[in-house]
Amino acid sequence: MRVTRFAPNKGKLMKYCFLLLMLSLTAITAAEQGGGSSGGGRYVRVGLGAALTENTEANFLLVGERRLDLDPGLHLSIAGGMMFGDFFGLELETGFIYNEISSISGFENADGYVAQLPFLANAVVQLKIAPL
């Protein structure tokens, strides 16, 4: 049995710390159309952030079940919806989630990525609090 000690590459570690810092600063833009004093109206929301996907296990042909260790990645999303009054709305959301595979148990060199394309239907409830 061979035991390998994990020693991260300093450049790669800095790259992922910088990526995590930059992507954690989530940018969300909202543009409301219509609305007026009733608070209703259509809107579009765009998001950018870090994708911190949990490590997982996967079943591969010929080699069986293996553990995947994933690096922090990128999450992009876009949603459009409509507010019905001041408090309730419905929206549709899609996006792209990307994580690189840092290691796969039983393999020395893992090179690959995991990508997800989610599609969601969301109910939005807003509680508006008056400023102090």
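The values are calculated or read from the model by the stated rules, or taken from the named source; none is laboratory data. All of these numbers come straight from a predicted model, not from anything done at the bench. Here the Cβ positions follow ideal geometry from the backbone for every residue, glycine too, while neighbour counts run over all protein chains shown.
Determine whether Leu76 is assigned to a strand (DSSP E or B), of a type outside the set (Phe, Trp, Tyr), under 12 Å from the mean Cα position of the chain (by Cα) and surrounded by 13 or more Cβ atoms within 10 Å (Cβ to Cβ). Yes; evaluated as a whole, the condition is true for this residue.
Within segment 100-132, the residues that satisfy the criterion of being in contact with a Leu (Cβ under 9 Å, 6 or more places away or on another chain), polar (S, T, N, Q) and more than 27 Å from Gly81 (Cβ to Cβ) are Ser102, Ser103, Ser105. Looking across Gly49, Gly85, Gly95, one residue alone is touching a helix residue (DSSP H, G or I) at 6+ places or on another chain (Cβ under 9 Å), surrounded by 12 or more Cβ atoms within 10 Å (Cβ to Cβ) and among the small types (Gly, Ala, Ser). It is Gly49.
Considering segment 79-104, and only residues there that are of a type in the set (A, V, I, L, M, F, W, C) and modelled with pLDDT under 90, the residue that is farthest from the chain's Cα centre (by Cα) turns out to be Phe87. Which residue out of Glu93, Glu100 is part of a strand (DSSP E or B), under 30 Å from Gly40 (Cα atoms) and either of a type in the set (Asp, Glu) or out of contact with any strand residue (DSSP E or B) (no Cβ under 8 Å at 6 or more places or on another chain) (or both)? Checking each option against the conditions leaves just Glu93.
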